[in-house]
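Engineer: Provided herewith is a single structure, encoded as structure tokens, for subsequent inquiry.
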Amino acid sequence: MRFLRLLLPLPLMLGISVQAQSPTYGLGRTPSAEEIRAWDISISPTGEELPAGSGSVGEGSQLYLEKACAGCHGTTGTGGPAPRLVKRDVGPDAGPWALGRVLPIRAPYATAVWDFINRGMPLYQEGTLSADEVYALTAYLLFLNDVVEEGTVLDAQSLPKVEMPNRDTWAPLPEWWRPGMSRLPSYPY
Amino acid sequence: MGSKRSDRREFLKRGVALAGGVTLGAVAKSASGQLEGPEAFIQGTDELVGYGKRSSYVTSVRIPHGGRASPDTFGLDFHIAAPLQDSVGVITPSSLHYMGTTRGSFVPDIDPEKHRLMIHGMVDNPLVFTMEELKRLPSVTRMHFIECAGNRANRRHRTVQETHGMTSCAEWTGVLLSTLLKEAGVQDGGDWIVAEGVENVVGASSIHMAKAMDDCIVCYGMNGEAVRPQQGFPLRLLVPGFEGILNVKWLRRIKVVDQFYMTYNDYGHLRQDSDDAALGMQIGPKSVITYPSGGQQLPGRGFYEVSGLAWSGGGAVARVEVTTDGGRSWVDAEIRGTAHPMAHTRFTFNWEWDGQECELQSRCTDVLGSVQPSRVQAIEYWTQRGQPARVKGQDNSIQPWRVESDGSVHNAIS
């Protein structure tokens, strides 16, 4: 009991005295809401962090040429030195996994397409696209893969609602795993 | 006491006499009466005094992995494999550590004075740390391997660098991620983190909180010095025993979230089958003989110390066995040094080669009791359950090397 009484107050006292820093060690500082907004480019599958703005398939087809996407990915989304952006032609009955490792068709959520264009494109000028441009390019790539209609306009509300063909046909990482467990109980290897 | 001392004096006297005899023999060969020195010298320079360099006779280098050029046509670094055939001990030198990148990447040149790590999302206290502040926090130093999910041998590979070079092991120093997460105060429902780097593609990975709170390290040190730029300078995440892509380099941001975020790195490693997903996340027990290995040449029959590396994402290596007859009989190899959890472990086996064609293999068992399978065993396991005939998830199957009677060594995957 005496041991406990000695130990407990210490972190509590530190927590009260240095609120702007980490409670135990008093290091680091609290970022401003502005700083967090500027750095936080994560987009969840439900799309809660998506920014305001919108873009259409038509605008996206223009941007695809203007932003030099075509130079690496080919004018039709294939044939360039960079990964293809249109599904493979494997017949009407093929499941989504047969269509190739093509982001705008294999991604289970349209938010993942938006996220990658936003963070990783165009090559050498990553992070320069506006939200409107990313919505438009996403719409165009989804149109190229027959996921959305030609007249589609995407924004923060409509993008997470796009039904991707692979939405329910992927395997989540094992959430049952805990430290000290083998990678697949029942599998001896 | 007295007798011991006189014994020692006796030994020293005799030792000196013996050494003298040996030296005389050698001197007799030199006409000038002096021992021959080395043929050449390495000129001392300020640069070499400041930071040493390996011998020009040592030429072991990394190579692009998987048939994709690195740097590629865009000048991006892609996957690069470590020369395990030349490795000794368990540490991969930082300059030879394998490298993987999210999409192919330029290596960022980051000023550590300006670098920050932000922890935010579902936490009570969002925090930003400078590098200096991170180094003031309690640290850990641990040996850990990192292995790429693409480290998969096939029969076309010639050398162990091609079959297994996308794994490496280093001594990592940094702050436990759990220390930082506890300081930030994870809120109820914060079951995942998204870890993100600052490279041009801003690579990010989703990691389950159970792993994040267990043994992940936010590393600033590697093999006794700062983490190398290709490995994430000034800061990289280490996710011990899990597939390589989760070990986010150039780490800038950790966001605590409520779900798997399906960020680009996650999408790239998406699986269709849940067993595949599980077997790809944590690395299974694995080993490979590095000497003799594919492409090497044995000079003739006689004694050899067979040597190799074993590791497992499930914990420490408990046992390594070796066969010299293609798997008919197995004997225990010796584990050299300490078998650290989720670290390369060196094993050796004393072998008298009779000059006949034979097949060498090694088999690892980890502390969880999981055993490295042969390719046939792994495939049989799934086909017996009506599944496609392939090794699922991260391929941890046994690597066979065939030694021919002329001493040449070949990949024996059929």
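The values are calculated or read from the model by the stated rules, or taken from the named source; none is laboratory data. No experiment lies behind these values; they were computed from the predicted model shown. Methodologically, a virtual Cβ is constructed for each residue, glycine included, from the backbone with ideal geometry; neighbour enumeration extends over all protein chains shown. The protein model used for the area step is the full one, side chains on, heavy atoms only, and it has no ligands, DNA or RNA in it. Shrake-Rupley method; radii C 1.70, N 1.55, O 1.52, S 1.80 Å.
Engineer: Apply the Karplus parameterisation 6.51 cos²θ - 1.76 cosθ + 1.60, with θ equal to phi minus 60°, to every residue of region A:42-52 and state each ³J(HN,Hα) to the nearest whole Hz, in sequence, with x for glycine and proline.
Structural biologist: 5, 10, 7, x, 7, x, 5, 8, 4, x, 5
Engineer: GluC sites (Glu not before Pro) within region B:320-394: which are DSSP loop residues with at most 15 other Cβ atoms inside 10 Å?
Structural biologist: Sites meeting the loop and neighbour criteria: B:GLU357.
Engineer: What's the center-to-center distance, using Cα atoms, between region B:246-281 and region A:108-143 in Å?
Structural biologist: Answer, in whole Å: 19.
Engineer: First compute the accessible area of the protein assembly as shown with a 1.4 Å probe, then give the percent of it belonging to carbon and sulfur atoms.
Structural biologist: The C+S portion of the solvent-accessible surface of the protein assembly as shown is 53 percent.
Engineer: While we're looking at this one, here's another question. With a/c under 1.5 counting as rounded, go ahead and sort region B:286-411 into rounded, prolate or oblate using the C-alpha gyration tensor (a ≥ b ≥ c being the square roots of the eigenvalues; past the cut-off, prolate if a/b is larger than b/c, else oblate).
Structural biologist: oblate
Engineer: Peptide B:199-207: average number of partner chain Cβ atoms within 10 Å per residue?
Structural biologist: Partner-chain Cβ atoms within 10 Å, mean over residues of B:199-207: 4.
Engineer: Same structure, new question: Could you let me know the centre-to-centre spacing of region B:143-165 and region A:32-91, using Cα atoms, in angstrom?
Structural biologist: 33 Å
Engineer: What's the ranking of B:241-251, B:43-53 by average number of surrounding C-beta atoms within 10 Å, highest first?
Structural biologist: Ranked from most to least packed, the peptides come out as B:241-251, B:43-53.
Engineer: In Å², and per residue, what accessible area does region B:63-270 have when probed at 1.4 Å with the other protein chains present?
Structural biologist: 32 Å²
Engineer: Which order, highest average first, do A:53-61, B:132-140 follow once you tally other Cβ atoms within 10 Å for each residue and take the mean per peptide?
Structural biologist: Per-residue mean Cβ counts within 10 Å order the peptides as A:53-61, B:132-140.
Engineer: Here's something else I'd like to know. For the protein assembly as shown, how big is the tail of P(r) above 32 Å, as a whole percent of Cα pairs?
Structural biologist: Of all Cα-Cα distances in the protein assembly as shown, 55 percent exceed 32 Å.
Engineer: What is the spread of the Cα atoms of chain B along each of their three principal axes, largest first, in whole Å?
Structural biologist: Principal axes ranked by extent give 78, 57, 57 Å for the Cα atoms.
Engineer: Where in chain A are the helices, taken as whole DSSP H runs, whose Cα atoms extend 18 angstrom or more along the long axis and whose Kyte-Doolittle mean reaches at least 1.0?
Structural biologist: Taking the DSSP H segments of chain A (at least 18 Å long, mean hydropathy at least 1.0), we get A:131-144.
Engineer: Here is a follow-up. Nearest-5 percent of antiparallel DSSP beta bridges in region B:63-270?
Structural biologist: 90 percent
Engineer: Shifting gears a bit: Among residues other than A:ARG29 whose Cβ falls under 11 Å from its Cβ, what is the net charge (Lys/Arg +1, Asp/Glu -1)?
Structural biologist: Net charge in that neighbourhood comes out at -1.
Engineer: Moving on to the next point. Specify, per residue and in Å³, the volume enclosed by the convex hull of the alpha carbon atoms belonging to region B:63-270.
Structural biologist: 113 Å³
Engineer: Within 10 Å of each Cβ of A:81-89, how many other protein chain Cβ atoms are there on average?
Structural biologist: 1
Engineer: Right, next: Of A:LYS161/B:LYS114; B:LYS182/B:LYS249; B:LYS249/B:LYS392; A:LYS87/A:LYS161, which ones are farther than 32 Å apart at the Cα?
Structural biologist: Those over the limit are A:LYS161/B:LYS114.
Engineer: Provide a whole-number value for the mean count of partner chain Cβ atoms within 10 Å of the Cβ atoms in peptide B:272-285.
Structural biologist: For this peptide, the per-residue mean of nearby foreign Cβ atoms is 5.
Engineer: Express the relative contact order of chain B as a whole percentage, based on alpha carbon pairs under 8 Å and six or more residues apart in sequence.
Structural biologist: The normalised contact order for chain B reaches 14 percent.
Engineer: Leaving out ligands, DNA and RNA but keeping every protein chain, what accessible area does B:GLU171 have, in Å² rounded to the nearest 10, with a 1.4 Å probe?
Structural biologist: In the full protein context, B:GLU171 sits at about 60 Å².
Engineer: If each DSSP helix of 4+ residues adds -39,500 (n - 2.57) and the sum is divided by the residues in chain B, what number results at 222 nm, nearest 500 deg cm²/dmol?
Structural biologist: About -5000 deg cm²/dmol.
Engineer: Using a 1.4 Å probe on protein heavy atoms only, how many Å² of accessible area do B and A hide from each other, summed over both chains and rounded to 100?
Structural biologist: The contact between A and B buries close to 5800 Å².
Engineer: Then there is this: Mean residue ellipticity at 222 nm from the helices of chain A, using -39,500 (n - 2.57) per DSSP H segment of n ≥ 4 over the full residue count, to the nearest 500 deg cm²/dmol?
Structural biologist: Calculated at 222 nm, the ellipticity per residue is -9500 deg cm²/dmol.
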